[in-house]
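One structure below.
Every number here is computed from the coordinates shown, using simple stated rules; none is lab data. On a predicted model such as this, the values are computed, not experimentally measured, just so you know. Neighbour counts are summed over all protein chains in view; Cβ atoms, including those assigned to glycine, are modelled from backbone coordinates with ideal geometry.
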Amino acid sequence: MAKKRALVTGLTGQDGSYLAEFLLEQGYEVFGLVRRSSTVNFERISHIQDKIHILSGDLLDQNSLISAVAEAEPDEVYNLAAQSFVPASWGQPVLTGEATALGVMRMLEAVRRVRLDTKFYQASSSEMFGKVRETPQSEATPFHPRSPYGVAKVYGHWITVNYRESYDLFAVSGILFNHESPRRGLEFVTRKVTDGAARIKLGLADELRLGNLDARRDWGFAGDHVRAMWMMLQRDEPQDYVIGTGATHSVRELVELAFGCLDLDWQKFVVQDERFLRPAEVDLLVADPSKAKSELGWEPTVHFENLIRMMVEADMKALGSKLSEQRSS
Ligand code: NAP
Ligand code: F7E
């Protein structure tokens, strides 16, 4: 039987790397969309790079997306690419709108024009719930985004629903709560904290500056969440799902746990810095993933404590190796 073919946008990002690994394990032929940059940034996919077909393209360039879909002839498209860092969306709201909102429509248009029987996954976000109308948040909870990023994701969500309803496209929106891993970007709070604690432990830093310690998030493991993306596209009918662990923790608890893993008293090192506060905050997010559990059979396998421990250990190992390389050179 011919291999199934998948096209993943955002291949070089955290989720793109885990999803590509997962799809290869499932026996897929994987195509990944990568935008041009002056230096190659394949750190997260270097171990699987030779197994993936890399296609050049940008969410801002319609023609490049049409060419990518025409070349990959995918059975499934996973649209993970976006400007995904919330604070950057206030600094660059137009770019965020172009990539995170209109980029979704451009990918959908590429699929509609080239290959309408492709299944389409859109990476929607719990940031769409923003100033939450109810707790926990489910597929039925209304949206109230609190950043240009959240607003752009609401557009991406509704244009996906609209293409499903307008063109009978198998298009689904996965509303994913925060998910983390040792491959998380360094500016996001979990990785900033695990990397920061490891640096302090190794004598490479003497403080960690953070913003709002009271914000609460539903933090899961990226490896678990990408599995849910695939599960959504294996259903007979396209439907949207909320994916999260159902547990919530504050940034303060995160800090206490990460520093505790290294026997450090966080209160001696963490400094609150108003530069990291946001113009409008999302105070509390927690998922009600019961639909995903009952219909997809999806459940998280890694919980908060183990996730943070895994990230601290990975940062200690990576920084430790760098240090010994520097000392021996
Ligand atoms: P990420 O690590 O920031 O990766 C984003 C990816 O998008 C990168 O590969 C980036 O390429 C690519 N990209 C950005 N702008 C692009 C453009 N104009 N054209 C083509 N590619 C572009 O994000 P992530 O954490 O993996 O998240 C994946 C998706 O899920 C995103 O859409 C994000 O908004 C969404 N999401 C994430 C979470 C979460 O907790 N991680 C939760 C809900 C939803 P470069 O490497 O070249 O920058
Ligand atoms: O912030 C607080 C901050 O930047 C989490 C993206 O993947 O998940 C992510 O968005 C919380 C916020 O993630 C610092 O105020 C405190 O309340 O790790 P974050 P995010 O904004 O929740 C959603 C679901 C996505 O869709 C996004 O793409 O932590 N916080 N102090 C801090 N945050 C950061 N970044 N840095 C701090 O110093």
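Cβ crowding within 10 Å ranks 243, 45 as 45, 243, fewest other Cβ atoms first.
Given the Cα-Cα distance of residue 263 and residue 168 and 0.36 nm per residue of separation, how much length would full extension add, in nm? Don't skip to the answer; put the middle values down first.
Details: separation 95, 0.36 × 95 = 34.20 nm, distance 5.55 nm.
My answer for the length gained is 28.7 nm.
Electrostatic bookkeeping for residue 320 treats Lys and Arg as +1 and Asp and Glu as -1; over the other residues with beta carbon under 13 Å from its beta carbon, the sum is +1.
Take the Cα of residue 4, step 7 Å toward its Cβ, do the same at residue 274, and the gap between the two points is 5.2 nm.
In summary, the lysines within cross-link reach of residue 317, defined as a Cα separation below 25 angstrom excluding same-chain residues under 8 places away, comprise 192, 201, 268.
What ranking of 322, 201 emerges when the number of other C-beta atoms within 10 Å of each C-beta is taken as an exposure proxy, fewest first?
322, 201
Among 185, 244, 130, which one shows the biggest mean-square fluctuation in a GNM of the chain, springs joining Cα atoms closer than 10 Å? Of 185, 244, 130, the Gaussian network model singles out 185 as fluctuating most. Per-residue 3J(HN,Hα) values for the range 26-36, derived from phi via the Karplus relation 6.51 cos²θ - 1.76 cosθ + 1.60 with θ = phi - 60°, read 7, x, 7, 8, 10, 10, x, 8, 10, 8, 6 Hz in sequence order (x marks Gly and Pro).
Principal-axis analysis of the Cα atoms of the chain puts helix 251-261 at an angle of about 60° to the longest axis. Under Stokes-Einstein, with the Kirkwood radius over Cα pairs as Rh, the value for the chain at 37 °C and 0.692 mPa s is 161 µm²/s.
If you take every residue apart from residue 191 with its C-beta less than 9 Å away from the C-beta of residue 191, what net charge results, scoring Lys and Arg +1 and Asp and Glu -1? Show your work: numbers first, answer last.
Details: positive: 183, 184, 192; negative: 180, 187, 195, 315.
Spelling it out: positives minus negatives among the neighbours equals -1.
Peptides 142-150, 23-31, 172-180, ordered by how many other C-beta atoms sit within 10 Å of their residues on average, highest first, read 172-180, 142-150, 23-31.
Here the Karplus curve 6.51 cos²θ - 1.76 cosθ + 1.60, taken at θ = phi - 60°, turns the phi angles of the range 115-129 into couplings of 7, 5, 8, 6, 7, 10, 10, 10, 7, 7, 9, 5, 4, 5, 6 Hz, with x standing for Gly and Pro.
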